[in-house]
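Visitor: Before I ask anything, here is the structure I am working with.
The values are calculated or read from the model by the stated rules, or taken from the named source; none is laboratory data. Just so it is clear, the structure is predicted and the values come from calculations on it, not from any experiment. Quick reminder, even Gly has a Cβ in these numbers, built from the backbone with ideal geometry, and neighbours come from all protein chains shown.
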């Protein structure tokens, strides 16, 4: 089961980066392989989201519960879809210079062994591309602050 953990400091505030990641309905506009996202339910600091992820001929939909602890953390819990499990968190740590360190963690496993083996081959490359997409989105939204 693939897992990934990394910390990265970006020249944006914790609030800005929290808002970017929390805006899941916009993911299909900038996130590779995200074809659509729909919020099915909102409750206080939680949203339930359906994401459609696809690559070439493969397309899957999964539902997750997203807990928003503004502006410090976003936690994603898997509800249903093609996976055995998925756990993801984003922590936003403000730095003294008004930048933000992001602590990102992802752990998942597909039910289908073929998908699991396929993603294993591309996992690191896919994650780098996704992280770069979030960074590029921050630059688009908030400008080049380097």
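Visitor: Please find, among 32, 82, 2, the residue that is in contact (Cβ under 8 Å) with a residue 24 or more places away in the chain and within 13 Å of the chain's Cα centre (by Cα).
Guide: On the way: 82 fails: within 13 Å of the chain's Cα centre (by Cα); 2 fails: within 13 Å of the chain's Cα centre (by Cα).
That would be 32, the only listed residue that is in contact (Cβ under 8 Å) with a residue 24 or more places away in the chain and within 13 Å of the chain's Cα centre (by Cα).
Visitor: Could you run through region 51-61 and say how many residues are buried (at least 17 other Cβ atoms within 10 Å of the Cβ) and either without any contact (Cβ under 8 Å) to a residue 12 or more places away in the chain or out of contact with any strand residue (DSSP E or B) (no Cβ under 6 Å at 6 or more places or on another chain) (or both)?
Guide: Number satisfying all stated conditions: 0.
Visitor: Here's a follow-up. Could you tell me how many of the residues in region 91-113 are over 10 Å from residue 13 (Cα atoms) and in a loop (DSSP other than H, G, I, E, B)?
Guide: Result for region 91-113: 3.
Visitor: Next up: Report whether or not residue 48 is at pLDDT 95 or above, surrounded by 12 or more Cβ atoms within 10 Å (Cβ to Cβ) and in a loop (DSSP other than H, G, I, E, B). Walk me through it before giving the result.
Guide: Values: at pLDDT 95 or above: yes; surrounded by 12 or more Cβ atoms within 10 Å (Cβ to Cβ): yes; in a loop (DSSP other than H, G, I, E, B): no.
Spelling it out, it is not the case that residue 48 is at pLDDT 95 or above, surrounded by 12 or more Cβ atoms within 10 Å (Cβ to Cβ) and in a loop (DSSP other than H, G, I, E, B).
Condition check ((1) at pLDDT 80 or above; (2) surrounded by 14 or more Cβ atoms within 10 Å (Cβ to Cβ); (3) out of contact with any helix residue (DSSP H, G or I) (no Cβ under 9 Å at 6 or more places or on another chain)) across all residues:
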residue	(1), (2), (3)
95	yes, no, no
105	yes, yes, yes
122	no, no, yes
126	no, yes, no
134	yes, yes, no
138	yes, yes, no
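Visitor: Still on this structure, please answer the following. Restricting the search to region 108-118, which residues are surrounded by fewer than 15 Cβ atoms within 10 Å (Cβ to Cβ) and in contact with a strand residue (DSSP E or B) (Cβ under 7 Å, 6 or more places away or on another chain)?
Guide: 111
Visitor: Name the single residue that is surrounded by the fewest Cβ atoms within 10 Å (Cβ to Cβ) among those in region 20-45 being assigned to a helix (DSSP H, G or I) and in contact with a strand residue (DSSP E or B) (Cβ under 7 Å, 6 or more places away or on another chain).
Guide: Here is the first cut: in region 20-45, the ones assigned to a helix (DSSP H, G or I) are 20-22, 24-30.
Next cut, in contact with a strand residue (DSSP E or B) (Cβ under 7 Å, 6 or more places away or on another chain) only: 21-22, 24-25, 27-28.
Values: 21: 20, 22: 17, 24: 20, 25: 13, 27: 22, 28: 16.
Selected residue: 25.
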